[in-house]
Amino acid sequence: MADRGAEDKDAAQTIATRLWNGRWLILAGFVAVLAVYFLGGISAYVLAPALAILFGAALLPAGGARQSADAAAAIEAIGLQRLSGEYLAAAVADPLIIFDHAATIVHANAAAFAAFGGIAPGISLPLKFRAPEMQALLDSVLSGAVASDVVDYTEKLPVERAYRVSASSVGHGTDLYVLVFKDQSEARRIDRMRADFIANASHELRTPLASIAGFIETLRGPARNDPAAREQFLQIMQNQTGRMARLIDDLLSLSRLEMKPYLKPGTEVDLRQTVDGVIDSLAPLARENNVAIERNFAKGPLNVPGDRDELFQVFENLLENACKYGQSGGRVLVSISRDDEDVEPGIDVTIRDFGPGIPEEHIPRITERFYRIDVETSRTQKGTGLGLSIVKHILTRHNARLTIKSEVGKGAAFSVHLPAH
C-alpha cells in the first residue's frame, strides 16, 4: 500500500509539473477558446471539449520529439557497433592497412593484398616497406609527433606503381593506426606524357624556326646581292614553313580527337569508294617514289559505320607512310576483306609494303606521339611524328583496332579492323 501511495504521489507531482510547465500555453489557449466562444457564437457543447483537449495537450510530455531522436541515435549507435573494422576496411577501394603501436599489421583489406601481396596479420610494416620515406612516415605517426602524415611511395614490383600514402591514428586511445595508399600511377603517367608532348612539340617547332631565322640573317647580310643563294634559301625557308604548317595541322587534329575520344560516328561509309579515293589522291606521291599501288578488294558491299573524312585520313596516313618508307620494295598492296570469323565480325583493310620493315622492339611504341624509328629519315620524308598517333585516336572513336606486323627486310603490314555494326 505504501508503494501504491508513493506511485500515486509521483504521478500527481508529474501532472502538476507538466501543468506548471505548460501554464502559459494553457492560459493562451483558454483565452483563445473563450474569445471564439463569445465572439464567434459557438455552442457550449463545443466549448467544453475544446478546453478538455487543451488541458490534455498540456499534460503530454514536452520532450517526446527529443526522446524519439535520442532513441533513433541509440539504434544507429548499436548498428555502427555491429560493423567491425574489417567490414569498413573492405568497403575502401584503395589499399588499406591497420596496424598497432608496434608497427605490426592487424588487418589489411583485399585491395592491399592485391597490390602488395605477402601481407598478413602479425607482419612488421618496417620489414614489409623498407623504403626510407615509409620508415619516416611510420616513425612520425607512432611517435605521436603528428596526428597524420603523407608521403609519396613507389612500389617497384611486380610493376612500378606510384602511391600517395597517408598515415593517421584511429580514434583516441585505441593504439591503432591506419595506412591508406592512393594510386597515383595513371596521373603521373599523364603528367609525364603531357611534359614529353610539350617538350617534343617545342623542339619540332623550334628547329625550323631557328633555320628560318638563320637564313633571314644571311639574306640580309652576306647573301643580300646573291640571286642564286637567295633563291636557294627562300626555297628552304618555304619547306620549313610547310613543315611547321603540317605540324600545327596535326596538333590541331590530335587535340580535336582527344577532346571527344569516344564520339561514335553514325553514318555508313563505303570503304571501297573511300580507299579508292585515297589511292587516287596519293598516285602522284607513288609515282615520285617509283612505287606501284596494287588493289585486292573483296566483292560486294563494303560498308561500315563511321565518319568518312576521318577514315580517309587514316588510310591516307597509312598509305603515305607505305609509299615513303617502303619505297625500296617498289610496290604497295592495299587489300580489303571481310572478317566473319572474328569475335566481332567486320571488315579488314590492310596496307602492306615490301620495304626494309620495322624492328620488333619499335612496334609497341610506334603509335606514340613524336616517336620515330629514324629521326633523320622521318624529317627527310616530311613526317611530323604524329600521323600514327592520329590514326590510333580515330580508330578508337570507331571502336576499331590497328594491328602491325613486320619482319626486318620483308616489309610491314598495317591492318585496320572495323566492326560491321
(message) Looking at Leu247, Leu252, Leu209 in this structure, which one is touching a Ser or Thr at 6+ places or on another chain (Cβ under 6 Å) and not hydroxyl-bearing (Ser, Thr, Tyr)?
(response) Leu247
(request) Output the residue which, of all residues in the stretch 380-391 that are modelled with pLDDT of 85 or more and over 17 Å from Asp309 (Cβ atoms), is surrounded by the fewest Cβ atoms within 10 Å (Cβ to Cβ). (result) Leu388
(request) Name the one entry in Ile53, Ile78, Ile42 that is surrounded by fewer than 10 Cβ atoms within 10 Å (Cβ to Cβ) and either modelled with pLDDT under 60 or part of a helix (DSSP H, G or I) (or both). (result) Ile78
(message) Of all residues being among the hydroxyl-bearing types (Ser, Thr, Tyr) and part of a strand (DSSP E or B) in the stretch 392-421, which is modelled with the lowest pLDDT? Just the residue, please.
(response) Ser406
(message) Restricting to the stretch 394-408, name every residue that is surrounded by fewer than 20 Cβ atoms within 10 Å (Cβ to Cβ) and not polar (S, T, N, Q).
(response) Arg397, Arg401, Leu402, Ile404, Lys405, Glu407, Val408
(request) Note down all Cβ pairs under 8 Å where the first residue falls in the stretch 283-302 and is aromatic (Phe, Trp, Tyr), the second is in a helix (DSSP H, G or I), and they're at least six residues apart or on different chains. (result) Phe297/Arg272; Phe297/Val275
(request) Considering (1) closer than 27 Å to Glu258 by Cα; (2) surrounded by fewer than 18 Cβ atoms within 10 Å (Cβ to Cβ); (3) modelled with pLDDT under 85, say which one Thr377 fails and leave the rest. (result) (1)
(request) Go over the candidates Thr367, Thr350 one by one and state the one that is under 25 Å from Ser255 (Cβ atoms), among the hydroxyl-bearing types (Ser, Thr, Tyr) and touching a residue at least 24 places away in the same chain (Cβ under 8 Å). (result) Thr367
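Okay, residues lined up against (1) closer than 21 Å to Glu268 by Cα; (2) in contact with a Lys or Arg (Cβ under 8 Å, 6 or more places away or on another chain):
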residue: Phe312; (1), (2): yes, no
residue: Phe315; (1), (2): yes, no
residue: Ala322; (1), (2): no, yes
residue: Ile336; (1), (2): yes, yes
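Let's see how each residue does on (1) modelled with pLDDT under 80; (2) outside the structural domain of Glu133 (by TED's automatic domain parsing):
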position	(1), (2)
Val151	no, no
Leu157	yes, no
Arg164	no, no
Ala199	yes, yes
(message) One residue is enough: does the stretch 218-231 have a residue meeting the conditions under 23 Å from Phe370 (Cα atoms) and part of a helix (DSSP H, G or I)?
(response) no
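The values are calculated or read from the model by the stated rules, or taken from the named source; none is laboratory data. On a predicted model such as this, the values are computed, not experimentally measured, just so you know. No Cβ is skipped: glycine too gets one built from the backbone with ideal geometry, and neighbour counts run over all protein chains shown.
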